[in-house]
Amino acid sequence: MAKILVVEDDLSVAQLIQFTLESERYVIDHYTTCADAMHSLKVSDYDILILDWSLPDGTGIELCKQYRTLGGNKPILMLTARESSRDKVTGLTAGADDYVVKPFDPDELVARIKALLRRPPVLSQSILKAGGLELDTTSFAVNTGGHAIQLLPKEFAILQLLMENPGKYFTADSILARVWRSDLPVSSDSVRTHVKTLRKKLSDASGDSILENSRGLGYRIRSEQ
């Protein structure tokens, strides 16, 4: 599960991107201006940024440079109608990792994003394991001891986040920021409800609660399995 920031002022293009990527179970935040995107970057954690070149209050190039100057190190994909070699060099020099020209093939966009997301070691693993629990990020299957566990999409996304970071605690608010779109009216109470159901499903399947809850710290997958 990855959370992606899309900065695109053409709503038809943005809708195509959002539909394509949400079909791959990515979480998408969409903004149309540099100002709104930069504000979101300061309060949310993203795994990849997709930036249009021409925006109402600036350019994706300027946003890319600002993000890199502030220490942002996540992959950036420029998505633009500008196709000259000089433009591509400008984008890559500004700090972008890849460059896709509009109109684009949705399948190619997905492939490029997956290639960028494979760079961090934790995301290169398609099978995540913790004790007898296995999660397949490709087929979206979860099983323990050979028995399949049926999870809802958000339950799967929460479990994937925790299994990608074994032993690390996540508060309800931090899970909310990573797993839900920022524009949805969802509270941390909804996160707690999903985690409660997830823990029950995991306990029912294995007889053990590998998903721990520590007051004041949050939730984690035990790393000592």
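Within the stretch 61-76, the set of residues being assigned to a helix (DSSP H, G or I) and crowded, with 21+ Cβ neighbours inside 10 Å comprises 61, 63, 64, 67.
Please pick out the residue among 159, 116, 79 that is in a strand (DSSP E or B) and in contact (Cβ under 8 Å) with a residue 40 or more places away in the chain. Spell out how you get there, then give the answer.
Details: 159 fails: in a strand (DSSP E or B); 116 fails: in a strand (DSSP E or B).
It is 79.
Regarding residue 165, is this residue over 18 Å from residue 219 (Cβ atoms) and not hydrophobic (A, V, I, L, M, F, W, C)? Lay out the reasoning, then the answer.
Values: over 18 Å from residue 219 (Cβ atoms): no; not hydrophobic (A, V, I, L, M, F, W, C): yes.
Here the answer is no, as residue 165 does not meet what is asked.
Of everything in the stretch 38-60 that is more than 22 Å from the chain's Cα centre (by Cα) and not charged (D, E, K, R), the residue that is surrounded by the fewest Cβ atoms within 10 Å (Cβ to Cβ) is 56.
Which residue out of 52, 57, 98 is in the same structural domain as residue 116 (by TED's automatic domain parsing), in contact with a helix residue (DSSP H, G or I) (Cβ under 6 Å, 6 or more places away or on another chain), of a type outside the set (Phe, Trp, Tyr) and free of Cβ contacts under 8 Å to residues at least 24 places away in the same chain?
Numbers: 52 fails: free of Cβ contacts under 8 Å to residues at least 24 places away in the same chain; 57 fails: free of Cβ contacts under 8 Å to residues at least 24 places away in the same chain.
98 is the lone residue from the list that is in the same structural domain as residue 116 (by TED's automatic domain parsing), in contact with a helix residue (DSSP H, G or I) (Cβ under 6 Å, 6 or more places away or on another chain), of a type outside the set (Phe, Trp, Tyr) and free of Cβ contacts under 8 Å to residues at least 24 places away in the same chain.
Taking the listed residues 111, 172, 148, the one that is closer than 18 Å to residue 2 by Cα, modelled with pLDDT of 90 or more, of a type in the set (Gly, Ala, Ser) and outside the structural domain of residue 23 (by TED's automatic domain parsing) is 172, with no other qualifying. Among the residues making up the stretch 4-41, those that are aromatic (Phe, Trp, Tyr) and farther than 16 Å from residue 178 by Cα are 19, 31. Could you list all residues from the stretch 1-43 that are hydrophobic (A, V, I, L, M, F, W, C), under 26 Å from residue 165 (Cα atoms) and not in a helix (DSSP H, G or I)? 1, 2, 4, 5, 6, 27, 28 - these are the residues of the stretch 1-43 that are hydrophobic (A, V, I, L, M, F, W, C), under 26 Å from residue 165 (Cα atoms) and not in a helix (DSSP H, G or I).
Among the residues of the stretch 101-113, count how many are touching a residue at least 40 places away in the same chain (Cβ under 8 Å) and closer than 13 Å to residue 16 by Cα. Lay out the reasoning, then the answer.
Step one: list which residues in the stretch 101-113 are touching a residue at least 40 places away in the same chain (Cβ under 8 Å), which gives 102, 106, 109-110, 113.
When the remaining residues are screened for being closer than 13 Å to residue 16 by Cα, the result is 102, 106, 109-110.
Within the stretch 101-113, residues that are touching a residue at least 40 places away in the same chain (Cβ under 8 Å) and closer than 13 Å to residue 16 by Cα number 4.
Residue 107 - would you say it is touching a Pro at 6+ places or on another chain (Cβ under 7 Å), of a type outside the set (Gly, Ala, Ser) and closer than 19 Å to residue 24 by Cβ? Quick ask: steps written out before the conclusion?
Working: touching a Pro at 6+ places or on another chain (Cβ under 7 Å): no; of a type outside the set (Gly, Ala, Ser): yes; closer than 19 Å to residue 24 by Cβ: yes.
Criteria not met by residue 107.
Evaluation of residue 103 against the conditions (1) surrounded by 14 or more Cβ atoms within 10 Å (Cβ to Cβ); (2) at pLDDT below 90; (3) within 22 Å of residue 76 (Cα to Cα) shows that the sole unmet condition is (1).
Taking the conditions exactly as written (at pLDDT 95 or above and farther than 29 Å from residue 159 by Cβ), does residue 33 satisfy them or not? The answer is yes for residue 33. Only one of the numbered conditions (1) exposed (fewer than 15 other Cβ atoms within 10 Å of the Cβ); (2) assigned by TED's automatic domain parsing to the domain that holds residue 181 is not met by residue 135, and that is (1).
Here's the yes/no breakdown for (1) at pLDDT 90 or above; (2) under 22 Å from the mean Cα position of the chain (by Cα); (3) not in a loop (DSSP other than H, G, I, E, B):
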| residue | (1), (2), (3) |
| --- | --- |
| 178 | no, yes, yes |
| 181 | no, yes, no |
| 185 | no, yes, no |
| 189 | yes, yes, yes |
| 198 | yes, yes, yes |
| 220 | yes, yes, yes |
| 224 | no, no, no |
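The values are calculated or read from the model by the stated rules, or taken from the named source; none is laboratory data. All figures in this text were calculated on a predicted structure; none of them were measured in a lab. So basically every Cβ, Gly included, is an ideal-geometry build from the backbone, and we count neighbours across all protein chains shown.
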